[in-house]
1. Could we say that GLU357 is in a loop (DSSP other than H, G, I, E, B), within 26 Å of the chain's Cα centre (by Cα) and more than 23 Å from PRO285 (Cβ to Cβ) here?
2. Of all residues in the range 74-127 being in contact with a Lys or Arg (Cβ under 7 Å, 6 or more places away or on another chain), β-branched (Val, Ile, Thr) and at pLDDT below 95, which is farthest from ILE149 (Cα to Cα)?
3. For the range 401-414, state whether one or more residues are among the basic types (Lys, Arg), assigned to a helix (DSSP H, G or I), within 21 Å of VAL336 (Cβ to Cβ) and touching a helix residue (DSSP H, G or I) at 6+ places or on another chain (Cβ under 6 Å).
4. Kindly evaluate MET171 against the criterion of being more than 27 Å from ARG290 (Cα to Cα), part of a helix (DSSP H, G or I) and touching a Pro at 6+ places or on another chain (Cβ under 9 Å).
5. Within the set of pairs 6+ apart or on separate chains, which have a first residue in the range 280-305 that is touching a residue at least 60 places away in the same chain (Cβ under 8 Å), a second that is among the aromatic types (Phe, Trp, Tyr), and C-beta atoms under 6 Å apart?
6. Would you call ILE230 of a type in the set (Val, Ile, Thr), part of a helix (DSSP H, G or I), touching a helix residue (DSSP H, G or I) at 6+ places or on another chain (Cβ under 8 Å) and touching a residue at least 24 places away in the same chain (Cβ under 8 Å)?
7. Restricting the range 39-48 to residues that are hydrophobic (A, V, I, L, M, F, W, C) and either without any contact (Cβ under 8 Å) to a residue 12 or more places away in the chain or touching a helix residue (DSSP H, G or I) at 6+ places or on another chain (Cβ under 9 Å) (or both), which is surrounded by the most Cβ atoms within 10 Å (Cβ to Cβ)?
8. Would you pick out the residues in the range 100-135 that are in contact (Cβ under 8 Å) with a residue 40 or more places away in the chain and either touching a Pro at 6+ places or on another chain (Cβ under 6 Å) or assigned to a helix (DSSP H, G or I) (or both)?
Amino acid sequence: MTGASTAIVGYNSAMQIYLVGGAVRDEQLGLSHRERDWCVVGATPDEMLSMNYKQVGKDFPVFLHPKTNEEYALARTERKTGPGYHGFAFDCSPLVSIEDDLLRRDLTINAIAKDGDGGLVDPYGGLKDINDRVLRHVSDAFREDPVRILRVAKFAARFSGLGFKIAGETMTLMREMVDSGEVDSLVPDRVWKETEAALRGTNVRVFFEVLRATGALEKLLPELDRLFGIPQPEKWHPEIDTGLHTMMVLDQAEILSSDLEIRFAAMSHDFGKGTTEQSDLPQHPGHEARGARLIKELADRMPLPKACRDFGMLVAKYHTHCHRALELRDSTILRVLEETDAFRRPERFEQFLVACEADARGRSGLEDRDYPQAELFRRAFAAAMTVDSGAIAKLHSGAKISAAISAARLDAIRELRN
């Protein structure tokens, strides 16, 4: 096999090994790849074990190569037997061909194999779709696995910068899957896994825009979906629409940081605006606290990392305080520092300021605006940190210690601002 150690003493001469999936696709796109997946045709599990491969697959035979530790899966076909993405029966017999195996894959660009001589097996037009920059499903069997909606949205985001678009017939198929209720069977941990991967990637907003276009966002992340069409005051938000604003904040967060918590907060910071009373629009009184509660509810429903949940709630509650930093009283500046736990977790407080800057810049025509509010908070924090808490603690006892430290920090902030 080209570029890999695949030769194993005693292997079945009828066995053929192909490089498949993302590695082949990325080679054609001129992109580097970290992992390689292999497909084995013409072998049985017992033959793989006899060649010292280690079996790891439970639902179907997947093996680890004894030297490279890369994954080798027996070629297989699959048949839908129940709802969701667990309801499949697999056939991994030696009679399954590479073409059969490729037919079960999601997109044509992922249904290309490379043989041991470097030749490409492309039975479903993947190379043409790579050239045309099209994301297209391989067959109607696509509709049997709702996870593929999430995967297509993720690929659309990842390859958006290369000009890839989703084929019209694939979009239609995904909408039909949503309408039929197939997407309702997605389990929360898989939804979060794909969402997290998208948040860590590039062109993050495209992931959510594709889900919204298929109708899946309303079912999977209703807190985000309901923001679209909700107005905001044009004075502060020239783009007006809260959903559009959130997408723009994601753009800015992507520019400012690769940090997962910051990007999650960018997505979720305005959740509360989706529950504003109609009579209050376009104002959003109290959206900060409502948003924090909605993030907690999302974390109860979906396995968010604790760091994402806590940081998202922090940004939701206090981002408007940060925006108003230049007009806040010294005591309020200190209160924000204390309530955001800046003195114990200064790194997270810096993340908070970055998330707030992304929010401030995620507005039409204001993407390059300065954000002096963050600098004011940084300077106030630095001034408060000059207070010798240990020395003060020696002069007081009990609750008086905390009050004395806060008073000294307030004096330091006042001196800075006067």
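1. Working: in a loop (DSSP other than H, G, I, E, B): no; within 26 Å of the chain's Cα centre (by Cα): yes; more than 23 Å from PRO285 (Cβ to Cβ): yes.
Judged against the criteria, GLU357 is not a match.
2. This residue is VAL96.
3. At the first step, the residues of the range 401-414 found to be among the basic types (Lys, Arg) are 409, 414.
Filter again for assigned to a helix (DSSP H, G or I), leaving 409, 414.
Retained after the next criterion (residues that are within 21 Å of VAL336 (Cβ to Cβ)): 409, 414.
Of the ones still in play, those that are also touching a helix residue (DSSP H, G or I) at 6+ places or on another chain (Cβ under 6 Å) are 409, 414.
Yes, the range 401-414 contains a residue that is among the basic types (Lys, Arg), assigned to a helix (DSSP H, G or I), within 21 Å of VAL336 (Cβ to Cβ) and touching a helix residue (DSSP H, G or I) at 6+ places or on another chain (Cβ under 6 Å).
4. Numbers: more than 27 Å from ARG290 (Cα to Cα): yes; part of a helix (DSSP H, G or I): yes; touching a Pro at 6+ places or on another chain (Cβ under 9 Å): no.
Answer is no for this residue.
5. As it stands, the answer is LEU294/PHE271; MET302/TRP192; PRO303/TRP192, since those pairs meet every condition given.
6. Details: of a type in the set (Val, Ile, Thr): yes; part of a helix (DSSP H, G or I): no; touching a helix residue (DSSP H, G or I) at 6+ places or on another chain (Cβ under 8 Å): yes; touching a residue at least 24 places away in the same chain (Cβ under 8 Å): yes.
For ILE230, the condition - of a type in the set (Val, Ile, Thr), part of a helix (DSSP H, G or I), touching a helix residue (DSSP H, G or I) at 6+ places or on another chain (Cβ under 8 Å) and touching a residue at least 24 places away in the same chain (Cβ under 8 Å) - is not met.
7. Quick first cut of the range 39-48, residues hydrophobic (A, V, I, L, M, F, W, C) only: 39-41, 43, 48.
From the residues that got through so far, the ones that are either without any contact (Cβ under 8 Å) to a residue 12 or more places away in the chain or touching a helix residue (DSSP H, G or I) at 6+ places or on another chain (Cβ under 9 Å) (or both) too are 39-41.
Working: CYS39: 22, VAL40: 27, VAL41: 21.
If we take residues in the range 39-48 being hydrophobic (A, V, I, L, M, F, W, C) and either without any contact (Cβ under 8 Å) to a residue 12 or more places away in the chain or touching a helix residue (DSSP H, G or I) at 6+ places or on another chain (Cβ under 9 Å) (or both), then VAL40 is surrounded by the most Cβ atoms within 10 Å (Cβ to Cβ).
8. Let us first name the residues in the range 100-135 that are in contact (Cβ under 8 Å) with a residue 40 or more places away in the chain, namely 101-102, 105-107, 109-110, 112-118, 120-121, 126-127, 130.
Passing the criteria: ASP101, LEU102, ILE109, ASN110, GLY126, LEU127, ILE130.
The values are calculated or read from the model by the stated rules, or taken from the named source; none is laboratory data. Here the structure is a predicted model, which means the values were calculated and not measured. All Cβ positions, even for glycine, are placed from backbone atoms using ideal geometry, and neighbour counts span all protein chains on display.
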